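Participant: Right, I'll just put the structure down here and ask away after.
Every number here is computed from the coordinates shown, using simple stated rules; none is lab data. Model, not experiment: these values are computed from the prediction. Positions of Cβ are generated from backbone atoms using ideal geometry, with glycine treated the same way; all protein chains shown enter the neighbour counts.
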Amino acid sequence: MFNRFIAAILPWFPKKFIWLFSKSYISGETIDDAIRVSKEFKKNNIDITIDVLGEFITTLGEAEENKKEYLNLIDVTNKSGIDGNFSVKPTFFGLLIDREVCYKHIREIVAKASTYNNFIRIDMEDSSCTDMEIELFRRLQKEFPGNVGLVLQAYLKRTLDDIKSLSDLNSTKHPLNFRLCKGIYIEPAEIAYKKYEEINWHFLEDLEYMFKNKIYVGIATHDKPLVEGAYKLIKQYNVPKDMYEFQMLYGVTPNLRESIVKDGHRMRVYVPFGTKWFGYSTRRLKENPKMASHIIKALFYKG
Ligand SMILES: Cc1cc2nc3c(=O)[nH]c(=O)nc-3n(C[C@H](O)[C@H](O)[C@H](O)COP(=O)(O)OP(=O)(O)OC[C@H]3O[C@@H](n4cnc5c(N)ncnc54)[C@H](O)[C@@H]3O)c2cc1C
């Protein structure tokens, strides 16, 4: 209760206090930070996907700047010798201002990535964006199969139907490539499962469907029971190692991450960087209010 209260009021704390919490979830403010952290993961046989922090924007000028930032990021990453894999949030490119402009920006990013044979993952945002983001993916998948993927959220009641409706784009040469996660936004009960058990059950139902239908999946979770559920399905369907990977967020459950790697599964870590870390970290904070008390402790016991 106390932790929840702290988590609720923390967004009104001065930014430098929030940074104490944020720094464990964010690689840093610059591309160099993201590259440095990515190289560390590579040394430990862990893949990465890099994300530039920032979301809802208010002008198309910002969308243009954000696109340029990603285009530059793709060049810098490839020059540094890291396999290019990037995550993008469509609202960062103006999805809620002008859908077509957003499509053109993301298309340019995917086109550039494809010249290096890199991969662009379209993150899934709140339910006001779901239809538009699926449509965006559909268009890009047709033009750049193998270079683009989408995130699906197990908490949405529509998700299994969405997977089925995209299945016409699946092929042996270019399997669909989804990241499956629980979903992080607060959605109404009419459209989203709310209970932990319900969400987990549907997560595994979606995962099973993907395995059965030879869809590539990034299993994005830090939840041990879900990891164990995924292990069972991998065994049951004899899923080859090149048809799935596990994914985790930077800074979250490193021990579980290591154990999955030790068990011989491919792992990818989501490495965010950028100056706009405030929204991202307060969302992480609401997910895990216990962190709030750690910050408070850090504030008082630092000296
Ligand atoms: C690689 C990746 C990409 C993602 N992309 C998206 C996306 O595009 N759209 C979207 O809606 N959501 C995205 N998410 C977030 C996801 O939807 C969940 O909100 C988040 O992963 C927490 O769910 P969980 O499966 O880890 O299970 P939970 O039941 O929430 O957590 C399981 C356990 O993990 C630990 N844990 C979880 N979160 C934290 C934390 N922040 N700090 C410390 N410990 C923690 C705790 O021990 C917790 O008990 C992504 C997650 C990952 C891993």
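Participant: Please go through the residue pairs LYS157/LYS286; LYS43/LYS89; LYS43/LYS68 and name each one whose alpha carbons sit more than 26 Å apart in this structure. Write down the numbers at each step before the final one.
Facilitator: Values: LYS157/LYS286 23 Å; LYS43/LYS89 28 Å; LYS43/LYS68 29 Å.
Over 26 Å Cα-Cα: LYS43/LYS89; LYS43/LYS68.
Participant: If you put +1 on each Lys and Arg Cβ and -1 on each Asp and Glu Cβ, how big is the dipole of the chain around its Cα centre, in Debye rounded to 20? Don't skip to the answer; put the middle values down first.
Facilitator: On the way: 45 positive and 40 negative charges, 190 e Å.
Using Cβ point charges on Lys, Arg, Asp and Glu, the chain gives about 920 debye.
Participant: In whole angstrom, how far apart do the alpha carbon centroids of segment 192-207 and segment 1-62 sit?
Facilitator: 27
Participant: In terms of modelled amide H atoms, which long-range or inter-chain residues lie less than 5 Å from the amide H of PHE246?
Facilitator: ILE219, ARG266, MET267, ARG268
Participant: Setting aside same-chain residues fewer than 8 positions from LYS224, which aspartates and glutamates have a Cα under 19 Å from its Cα?
Facilitator: Within reach: GLU197, GLU198, GLU205, ASP206, GLU208, GLU245, GLU258, ASP263, GLU287.
Participant: Amide H of THR49 versus every other amide H placed in the peptide plane: which residues, excluding those fewer than 5 positions away on the same chain, fall under 5 Å?
Facilitator: Amide H neighbours of THR49, under 5 Å, 5+ apart: VAL269, TYR270, VAL271.
Participant: Among the chymotrypsin sites (Phe, Trp or Tyr not before Pro) within segment 3-68, which fall in a DSSP loop and have no more than 13 other Cβ atoms within 10 Å of their own Cβ?
Facilitator: Values: sites: PHE5, TRP12, PHE17, TRP19, PHE21, TYR25, PHE41, PHE56; in loops: TYR25, PHE56.
Loop-located and lightly packed - none at all.
Participant: Wrap a convex hull around the Cα atoms of segment 66-192, take a quarter of its surface area, and give that in square nanometres. Write out the running numbers ahead of the final one.
Facilitator: Details: hull surface 31.7 nm².
Result: a mean projected hull area of 7.9 nm².
Participant: Now for a different question. Of the listed pairs LYS79/LYS104; LYS173/LYS232; LYS23/LYS212; LYS164/LYS241; LYS16/LYS194, which have alpha-carbon separations greater than 30 Å here? The partial results should precede the final answer.
Facilitator: On the way: LYS79/LYS104 25 Å; LYS173/LYS232 26 Å; LYS23/LYS212 39 Å; LYS164/LYS241 23 Å; LYS16/LYS194 33 Å.
In this structure, LYS23/LYS212; LYS16/LYS194 lie more than 30 Å apart at Cα.
Participant: Show me the three semi-axes of the equivalent ellipsoid for the chain, from the C-alpha gyration tensor (sqrt of 5 times each eigenvalue), largest first, rounded to whole Å. Each step should come with its number before you reach the end.
Facilitator: Numbers: eigenvalues 153, 115, 85 Å².
Result for the chain: semi-axes of 28, 24, 21 Å.
Participant: For segment 1-153, what percent of Cα pairs sit more than 24 Å apart? Show your work: numbers first, answer last.
Facilitator: Values: 4657 of 11628 pairs.
Percent of Cα pairs beyond 24 Å in segment 1-153: 40.
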